[in-house]
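Every number here is computed from the coordinates shown, using simple stated rules; none is lab data. This is a predicted model, so every value here is computed, not measured. Note that we place each Cβ from the backbone using ideal geometry, even for glycine, and neighbour counts take in every protein chain shown.
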C-alpha cells in the first residue's frame, strides 16, 4: 500500500514536470510538440491540466461576484470541453467515412493542452481585476494599457488557434480546408451557445 502511494506520487510529479516542459515547448515549437502530445498516453497530464482549470475557477469565485460555485462552473466547463471534442471527432468521422485514423483519445489529450492560452488569459484578467479594477481612465496610461491588453489578448488567441488547429490536424488527420470547414460548423452552434451561457451569467467569455 505504501509502495502504491509512493508510486502515485512519483507518477504525479513526473507528469507535472512533463506538463511544464510541454507548456514551454508549445510556445517555441508548437508543431513538433503537439505532434508528440497527440501520441501521449499519460493520463496524469490531463488530470493536472484540469486541476489547474479547477483552481482558476476556485480563485475566480473568491475574487469576483460569481453567482455560481466553482464546482458548478467547472462542471459546465467540462460539458463545454466534451461537447467541443465530441463535435470535432464525430464530424471528422462523417467527413472521412472509411478512414479509422482519427483518435478521440488523442484529440482529447491534445485539446487539453490547447487550454493553456485560455487559462493564461483568464488568470491574467483576474490578476488585473485586483491590480487595476474597473472602471479605467481614458488617460494616456489608460489608453496605452488598453492597447497593450488588446495586443496581448490577440497574441494568446493566435496561439490558441494554432494549438487547436494542430490538435485537430494530428489527432483527426484532416487537411487544412477540412479543419477550416469544421471550425465554421463549430462556430454556427457554439456562438449561440456562448450567448446563452452569457445570458445565464455562467461565462462572459467562453472558457474553452
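Below, the figures for the structure above:
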{"item": "Candidates 93, 64, 105: whichever shows maximal mean-square fluctuation once the chain is modelled as a Gaussian network with Cα springs under 10 Å", "result": "64"}
{"item": "Rg/Rg_globular for the chain, with Rg_globular taken as 2.2 N^0.38 Å and Rg from C-alpha atoms", "result": "1.12"}
{"item": "Sites residue 95 and residue 198, calculated FRET efficiency, Cβ-Cβ separation with R0 22 Å, nearest 0.05", "result": "0.10"}
{"item": "Stretch gain in nm, segment residue 205-residue 176, where the contour uses 0.36 nm per residue and the Cα spacing is subtracted", "result": "7.8 nm"}
{"item": "Cα-based convex hull, the range 98-185, per residue volume (Å³, whole number)", "result": "110"}
{"item": "Least to most buried among 191, 168, 140 (fewest other Cβ within 10 Å first)", "result": "140, 191, 168"}
{"item": "Cut-off 18 Å (backbone N to label point 7 Å along Cα→Cβ of residue 11), residues of the range 99-130", "result": "109"}
{"item": "For the range 52-79 and the range 146-166, distance of Cα centres in Å", "result": "23"}
{"item": "Contact order normalised by residue count of the chain, Cα under 8 Å, 6+ apart, percent", "result": "26"}
{"item": "Nitroxide proxy distance, nm - points 7 Å out along Cα→Cβ at residue 105 and residue 44", "result": "1.8"}
{"item": "Separation in nanometres of the label points that stand 7 Å from Cα toward Cβ, at residue 52 and residue 131", "result": "1.9"}
